[in-house]
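Visitor: Let me give you the structure first, and then I'll get to my questions.
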Amino acid sequence: MKRLLNVLCPLVLAASTALAAAIAASSPAAADVVLKYSPWLPPQHAVHVGLINPWIEEVEKATEGRVKIEFLPKAVGNAAGQFDVVRDGLADMGVILPGYTPGRFPLLEIGELPLLSSDAAVIAPAFYRLYVKHLEQLNPLKGTHVITIFSTTPNQVVSGRSIIDKTADFVGLKLRAPTVTSIPIINALDAVPVQKPVSEMYELASSGIVDGTFFAATAVVDWKLGKLLPYMTRIPGGIGQPVMAILVNEQKWESISEADRKAIMDLSGEKLAAKAGENYAASEKVAYGKLEAEGVKIEDAQAGLVGELKEKLASVDQKWFESAKKAGLENPEAVLNEFRAELQKSAD
């Protein structure tokens with residue numbers, strides 16, 4: 001018996017080792033780094049479906065599974081607090097809208113100014129290029145690594161009363177401010193800004209608490225506001241637009257190998273911003289068709305209104321010049337002029 005055991009034991013050990021090796025070979029390799037993503041946007045949101053989810057797949061493929069991104073079961077904190085969540089490492093990755101936090105990211109507000117561009121496919125990558133050239137060195141998002149940053153869909157004026165023919169039509173209108181940086185725009189037009197979450201927009205409009213807001217066509221469709229706000233005045237260059245950034249905690253980013261960081265950024269930056277802009281622009285075309293079918297009256301602003309808006313909203317640019325200088329940007333006037341020129345050139 002002892003001799004038999006001496007023969008069998010090595011055979012069993014060898015078989016066990018071979019089986020373990022086979023199982024290991026057939027199992028997915030464990031990632032070197034897993035980024036925990038804080039998802040405050042709903043799962044079906046276009047930013048997830050059309051941008052982040054495909055990017056995650058590309059990242060895992062490019063790094064051969066060494067870097068994976070996992071959605072947390074729910075968001076850590078609220079939408080306005082996502083920068084702190086990522087910077088402080090409560091989550092490794094998140095999406096932020098700087099315009100949700102008043103005065104905290106003054107340099108980035110250039111991307112939210114009015115009368116810049118009517119096309120998300122143009123302004124999204126253009127803003128990323130501006131960020132890299134003029135703003136990145138001032139480190140406005142310190143403590144995080146910027147995967148990409150871009151301006152989103154230009155907003156238009158939607159109202160429950162009428163099409164806007166002249167700036168006098170804004171006087172006294174109660175308008176929900178989509179971001180904090182839209183408040184100076186509303187004030188400059190002698191309207192009344194109402195600060196409430198977008199989730200309350202339907203109730204605000206149906207109860208008459210607001211007369212309208214600044215929204216893209218997709219937002220009007222998504223929040224089912226076509227019947228309540230059946231008038232849209234399209235302003236050439238838009239009446240402002242949110243800036244969005246996808247960030248990773250800086251220390252977590254540094255834990256990724258240099259080769260994999262490069263592979264990730266080859267899929268990110270301006271390339272990802274351009275993809276975001278293209279997705280937003282395509283969604284707008286579909287949304288306009290839905291609004292027209294629903295009976296929403298959509299008109300382009302007349303030349304007289306456009307001229308009045310340029311005059312009225314010059315003060316908004318001026319306020320940004322002042323806040324940007326305080327934040328360390330030497331010549332914000334020249335930067336904005338360059339940005340507008342590039343946007344115009346791209347539109348032509």
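Visitor: Can you tell me which residues in the range 286-323 are surrounded by 14 or more Cβ atoms within 10 Å (Cβ to Cβ), in contact with a Pro (Cβ under 9 Å, 6 or more places away or on another chain), part of a helix (DSSP H, G or I) and among the small types (G, A, S)?
Guide: S323
Visitor: Still on this structure, please answer the following. Every residue in the range 156-185 that is crowded, with 23+ Cβ neighbours inside 10 Å, out of contact with any Lys or Arg (no Cβ under 9 Å at 6 or more places or on another chain) and without any contact (Cβ under 8 Å) to a residue 40 or more places away in the chain, please.
Guide: L175
Visitor: For the range 39-71, what are the residues that are among the small types (G, A, S) and either under 19 Å from N279 (Cα atoms) or under 14 Å from the mean Cα position of the chain (by Cα) (or both)?
Guide: A46, G50 - these are the residues of the range 39-71 that are among the small types (G, A, S) and either under 19 Å from N279 (Cα atoms) or under 14 Å from the mean Cα position of the chain (by Cα) (or both).
Visitor: Identify, by number, the condition in (1) without any contact (Cβ under 8 Å) to a residue 24 or more places away in the chain; (2) within 30 Å of V47 (Cα to Cα); (3) in contact with a Phe, Trp or Tyr (Cβ under 9 Å, 6 or more places away or on another chain) that E333 doesn't meet.
Guide: Single failed check for E333: (2).
Visitor: What's the total number of residues in the range 150-191 that are in contact with a Pro (Cβ under 9 Å, 6 or more places away or on another chain) and either more than 24 Å from F321 (Cβ to Cβ) or assigned to a strand (DSSP E or B) (or both)?
Guide: The total comes to 9.
Visitor: Out of (1) part of a loop (DSSP other than H, G, I, E, B); (2) buried (at least 19 other Cβ atoms within 10 Å of the Cβ), the odd one out for G208 is which?
Guide: (2)
Visitor: Report every pair of residues separated by at least 6 positions or lying on different chains whose Cβ atoms are under 7 Å apart, first residue within the range 126-145 and modelled with pLDDT of 95 or more, second polar (S, T, N, Q) and surrounded by fewer than 15 Cβ atoms within 10 Å (Cβ to Cβ).
Guide: A126/S346
Visitor: Go through the range 192-204 and give me each residue that's touching a strand residue (DSSP E or B) at 6+ places or on another chain (Cβ under 9 Å) and either charged (D, E, K, R) or not in a helix (DSSP H, G or I) (or both). So that I can check it myself, show each step before the final result.
Guide: Within the range 192-204, the subset touching a strand residue (DSSP E or B) at 6+ places or on another chain (Cβ under 9 Å) is 192-196, 198, 200-201, 204.
Matches in the range 192-204: V192, P193, V194, Q195, K196, E200.
Visitor: Just a yes or no: is a residue in the range 89-101 under 14 Å from A324 (Cα atoms), of a type outside the set (D, E) and buried (at least 21 other Cβ atoms within 10 Å of the Cβ)?
Guide: no
Visitor: Can you confirm whether the range 129-139 contains a residue that is buried (at least 21 other Cβ atoms within 10 Å of the Cβ), polar (S, T, N, Q) and over 21 Å from E342 (Cα atoms)?
Guide: No: the range 129-139 contains no residue that is buried (at least 21 other Cβ atoms within 10 Å of the Cβ), polar (S, T, N, Q) and over 21 Å from E342 (Cα atoms).
The values are calculated or read from the model by the stated rules, or taken from the named source; none is laboratory data. Remember, predicted model here, so these are calculated numbers, not experimental data. Because the Cβ atoms are built from the backbone with ideal geometry, glycine has one as well, and the counts that use them run over all protein chains shown.
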